[in-house]
Every structure is written in C-alpha cells, then in structure tokens.
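Data first, discussion second: the structure below is written as structure tokens.
Bear in mind that the values in this text are calculations on the coordinates, not laboratory data. Since we're looking at a predicted model, the values are computed, not measured. Glycine gets a Cβ as well: all are built from the backbone with ideal geometry, and neighbour counts include every protein chain shown.
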Amino acid sequence: MTESPIVISNSRVRAEILPLGATLHRLQVPDVRMADGPASWRDILLSRSDISHNDTFQYGATIGRFANRIARSRIAIDGTEYPLDANEGVNQVHGGPVGFSDIPWRVIGCADDKVELGLISPDGDQGFPGTLTVTATFSLIENGVRVMFSATTDKPTVLNLTTHPYFNLGGETIDDHRLQVAASQFTPTTLDELPTGEILPVAGTALDLREPRLMRDVLADLAATGLQRSGALNQNFVVDGTGLRVHVRVFGPDGLAVEIASDAPGVQVYSLGNFGRRGLAVEPEDFPDAPNQPAFPSTVLRPGKTYSRTIEWRVI
C-alpha cells in the first residue's frame, strides 16, 4: 500500500514529504492570484503523478550517496580503488542504478512542523565502501522549509547529498523566469558533462548570473557560446562565501520569488533541457566528480566524523 504524503505547514508554506526517496513532493504557497477569494495554495514544484515509485527525473528526491557524476564509475580512497555501479554509460550519476532517491526511508518521527527520516546504506551499496547511517530532517522555517542531512560511516567513504526539486513559479515554461546565482566561478565540463578539473570565472561568459537574468536570454546565450549541455543550462557553480548562505534566487513571471540557501560549496542548476523547459532544478552540493579531481574540495567522510548539510527553500 502506498504511503500518503506527510504534511507540514504554517501560514506561509505547505510542504508534502514522501518517505520514498526522502522526497520534497510538494512545496506550496498562498496563491497571490486568489487574494480576494477563498484560501488557495499554489504548488511551486513539479511533482511526479505516481508517488509509489521514483522516475528518471527524480522530482524532489534526496540524491545519494553521491550527487552528480563520477567519471568512469571509480573512486580511490587512501590508495584503494573502488569500482562503482555505472548507470550512465561508463559513468555513475546520482548514486548509481539504485540510489537514495529509489529507497523507502524509515520514518523516525513526525510533528506538525517536522519530519525525520532515516536509512542505512550497507557496505558496498552501489560500490561505495562503508556502512552509512543517514538522517534527513525536514522542518518548517518562518518563510519556507529546511532539510538537514546527517550521516556517519564505519569505513572511509565519499558522500555528497542533495535534493532534486524542480521549480516552476508559474507558466507552461520557465522562459519568463529570472535566475540569479551567487557565484563568481564555475567548473567547466566536457560535452559528456564531466568536469575538466578547472575552476574558471563566470565574468564575460553566459554563466555570469550574479544579477538576475531572464531564462529565455540565458538559454539563448548558452547555445550561442557552446556552454549548453543536453539542450539546457546544466552547470555546477562555485558559490561565493562559506557557511549557510544564499545560492540561488528564482523570480517568477508574476512577482513570486524563492531563494535557495545552503552550506554546500557548489550548486548544480539544470533547466530540464529537451523535456519542455518546464522546471528549473536547483541542487546545492559538492562538486561533480570531486573524488577524482584533486583541485576540488574533498568529499571523504571518515569514521568518527559526522557529515552534515543544510538546504533551505525560502519564499521571498
């Protein structure tokens, strides 16, 4: 029997959480278009229609063990090489064929304003070493929702957790949305979307989104300059600063806006490419292929240490 979504809400936001994939299924706000009518909620996320299983888009799901791509599905830790389960040609993406987005998480606790979920990923899961114990705690904040991830391991491993919500603040496409990314650098990729290992400035490129830009113009500039990937904006940005800070702001066509904050070093932004440009995925995370890129921040988690990551979705 399919579990019903777990609902947490206040006067400014309503969220539905699914144990399958520790998924932020819906994020709703009072509908500004209905100000003179009865109470109504507008969903600002794309959501899958069947909550009994995940799909390739991974709508709102938690991504792990390792978000984004790992080249040749191999990592090395302390001189030991580990082959991982590939699911994108020879590479691994978003944790492998059966990542955290595909697993039913256990409900640890529920309250009106908080949901705590957990899972245990066994040693060798998708090729990764170490038994990993993970919790994801979704809770209300004044103007939005926060998720806090925590994890421990019994062997050295790598870990990079994020969520995969697609935002649409109104309209059939995101062409009339404006996007702002708080990043003065990015990690360039090859045509197969693997990082080159470089960290380059956004200044003078179509990826300079430090001021809000219309998505229609961004996508056209990316195509014209060869920075488009899979027919989309699909890029990891190096977010300025450290600690919990704003990564991305998305402005809808009728005045509604959200900001995504995190303590992650980077953020992947993906515009759904050839699938209708209906949503904009914003994924705070470590850098793609970080275990194989010496210049990137380390993603190694060791026994005795606790991994933590915070992501907030705020209505502004």
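Take every Cα pair under 8 Å in the chain that's 6+ residues apart, average their separations, divide by the length, and report that relative contact order as a whole percent.
Values: 819 pairs, mean separation 55.9, N = 316.
18 percent.
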Worksheet entry | Amide H contacts under 5 Å for Glu285, placed H, 5+ residues apart | Gly266, Val267, Gln268
Discussion item. Spelling out what I want: for every residue of segment 199-213, take phi, set θ = phi - 60°, compute 6.51 cos²θ - 1.76 cosθ + 1.60 (Karplus), and round to whole Hz; glycine and proline get x.
Written reply: 10, 10, x, 7, 3, x, 10, 5, 8, 7, 10, 5, 10, x, 10
Practice prompt. Using label points projected 7 Å from each Cα along Cα→Cβ, tell me how many nm separate Thr173 and Asn87, to one decimal.
Written response: 3.0 nm
Fill in: Table column - 3J(HN,Hα) (Hz), segment 22-31, Karplus curve with 6.51, -1.76, 1.60, x for Gly and Pro
6, 9, 7, 6, 9, 9, 10, 10, x, 7
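If I take R0 = 25 Å and measure r between the Cβ atoms of Asp154 and Asn292 in this structure, what FRET efficiency does the formula 1/(1 + (r/R0)^6) give, to the nearest 0.05?
Working: r = 24 Å, r/R0 = 0.94.
The value I calculate is 0.60.
Of the chain, which part is the longest with no GluC sites (Glu not before Pro) in a loop (DSSP not H, G, I, E, B) and with at most 12 other C-beta atoms within 10 angstrom? Intermediate results must be reported in sequence, preceding the final value.
Values: sites that count: Glu3, Glu142, Glu172, Glu198.
Result, exposed sites excluded: 4-141.
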Practice prompt. In whole Hz, with x marking every Gly and Pro, tabulate ³J(HN,Hα) for segment 217-226 from phi via Karplus 6.51 cos²θ - 1.76 cosθ + 1.60, θ = phi - 60°.
Written response: 6, 4, 5, 5, 5, 4, 5, 5, 10, x
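Once the Cβ-Cβ distance between Ser4 and Thr225 is put in as r, and R0 is 35 Å, what FRET efficiency do you end up with, to the nearest 0.05? Walk me through the intermediate numbers first.
Details: r = 47 Å, r/R0 = 1.33.
So, using R0 = 35 Å, E works out to roughly 0.15.
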Practice prompt. For the chain, give the magnitude of the charge dipole about the Cα centre (Cβ charges: +1 Lys/Arg, -1 Asp/Glu; no others), in debye to the nearest 20.
Written response: 280 debye
Worksheet item: Counting only residues 5 or more places away or on other chains, whose amide H sits under 5 Å from the amide H of His247 once H atoms are built in the peptide plane?
Response: Ile260, Ala261, Ser262
Fill in: Other-chain or far-sequence residues with amide H under 5 Å of Val202's (modelled H)
Gln185, Phe186
Discussion item. Within segment 173-199, name every residue whose backbone N is under 11 Å away from a label modeled 7 Å from Cα of Asp240 along the Cβ vector.
Written reply: 181-185
